[in-house]
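A short worksheet on the structure shown next.
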Amino acid sequence: MVCACLVTILLILYMLFDVNYFLRILFTLGSSRLLQKKKKIFDTTTIYGICTTQDVDLFLKHMNNARYLRELDFARFHYYDRSGIYAAIAKRGGGAVQGASSTRYRRAIPIFTPYKVTTKLIYWEDKHFYLEHEFISLTDNFVRAVVLSRQTVTGLKIPVTEIIAEIEPNAQRPALTKDLELWLSSMEESSQRYKKDN
């Protein structure tokens, strides 16, 4: 009877929620807190994964596009936790959300291929900070995809610069890379177009 109830509850949870997503977050954060040291804000953080049957596209050959973005959630949470950035934001009652991303797929990640996702802070503005992620297959150390992501800080009246200064007082904002500069210009152009349309 108890087993039947547990199985029913698990089935209901799996139907209503993406249980694997929440378990993966708990595993990623829990294992990193137990096994890894804190990082400085400019250190590169790394998480690992493998392309399973739940990640593949219609032809069952390689990771589908949506899974890359899902993996970035785990990579960001890991970076936030290890660097202390999210704790500093949350302490002031704020939050951070994915504001935008730009993905460049260089080569597919085949099924059953182990890979790692690296994350590093590359720039910040008043309300945003920018991360660069690389998906690297462990079999050949090839960078399969590169993603730029803009993290938007919400619920705070202070700029991101003050958050960074609290964590690492001597941190200097990096120079704007050419690809990031072009992406920012593209987003601004898109923003202006939609403002005109509305």
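The values are calculated or read from the model by the stated rules, or taken from the named source; none is laboratory data. Please read all numbers here as calculations on a predicted model, not as lab measurements. Note: ideal-geometry Cβ built from the backbone for every residue, glycine included; neighbour counts use all protein chains shown.
Things to note:
- Test for residue 34: is it free of Cβ contacts under 8 Å to residues at least 40 places away in the same chain and under 30 Å from residue 164 (Cα atoms): yes
- Members of segment 67-97 found to be in a helix (DSSP H, G or I), among the basic types (Lys, Arg) and either within 14 Å of residue 43 (Cβ to Cβ) or touching a residue at least 24 places away in the same chain (Cβ under 8 Å) (or both), listed by number: 70, 76, 82
- The requirement of being under 21 Å from residue 134 (Cβ atoms), exposed (fewer than 12 other Cβ atoms within 10 Å of the Cβ) and at pLDDT below 95 is satisfied by residue 66.
- Restricting segment 31-44 to residues that are out of contact with any helix residue (DSSP H, G or I) (no Cβ under 8 Å at 6 or more places or on another chain) and at pLDDT 95 or above, the residue that is nearest to residue 84 (Cα to Cα): 42
- Scanning segment 1-19 for residues that are part of a helix (DSSP H, G or I) and either in contact with a helix residue (DSSP H, G or I) (Cβ under 6 Å, 6 or more places away or on another chain) or surrounded by 11 or more Cβ atoms within 10 Å (Cβ to Cβ) (or both) gives 10, 13, 14, 19.
- Here residue 154 meets the list (1) touching a residue at least 12 places away in the same chain (Cβ under 8 Å); (2) out of contact with any strand residue (DSSP E or B) (no Cβ under 6 Å at 6 or more places or on another chain) almost entirely, failing just condition (2).
- Matching entry among 55, 73, 18 (being out of contact with any Asp or Glu (no Cβ under 7 Å at 6 or more places or on another chain) and farther than 17 Å from residue 136 by Cα): 18
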